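Shown next, in structure tokens, is the structure this report addresses.
The values are calculated or read from the model by the stated rules, or taken from the named source; none is laboratory data. This structure is a prediction, so every number in the text was calculated from the model and none was measured. Using ideal geometry, Cβ is built from the backbone for each residue, glycine included, and neighbour counts are taken over all protein chains shown.
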Amino acid sequence: MKYAAVKSTGLLQRFGVPVAAIFGIAFCIYHTLSGQFGLLALPVYQAHKAEMVTKADELARDIKQVENRLALMNRGALDPDIVEELIRRELGYVLPGEILIPIDGLGK
């Protein structure tokens, strides 16, 4: 008499791979939505980007102003107005007959 080999499969062997796949997919979906770089964090990063762009524009404007002042203070061609402004501000010189009124926060 011949016997056929019958292999019994347990519940874990039968459903283990599909359950693990479902948990893996759920894990990926969760972190896609609410992870550190997920879709729910996108508005925060967009607001931060807008703030950084504004700050970069301000810095670019400040750099341009400094470059313009440096161009005016070039050794070959000093602008008399810039020289007078620096002397008055840094050394405190005033012309006879002028009245000096110091105002905090200006000229810095």
Worksheet item: Given the residues V83, V44, which is the only one that is surrounded by fewer than 10 Cβ atoms within 10 Å (Cβ to Cβ), free of Cβ contacts under 8 Å to residues at least 24 places away in the same chain, at negative phi and of a type in the set (V, I, T)?
Response: V44
Fill in: Checking E98 against (1) loosely packed, with under 10 Cβ neighbours inside 10 Å; (2) acidic (D, E); (3) in a helix (DSSP H, G or I), the condition it does not meet
(3)
Fill in: Checking A71 against (1) surrounded by 10 or more Cβ atoms within 10 Å (Cβ to Cβ); (2) at pLDDT 85 or above, the condition it does not meet
(2)
Worksheet, complete the sentence: Here the residues within the stretch 49-87 that are assigned to a helix (DSSP H, G or I), over 33 Å from the mean Cα position of the chain (by Cα) and aliphatic (A, V, I, L, M) are I82, V83, L86, I87
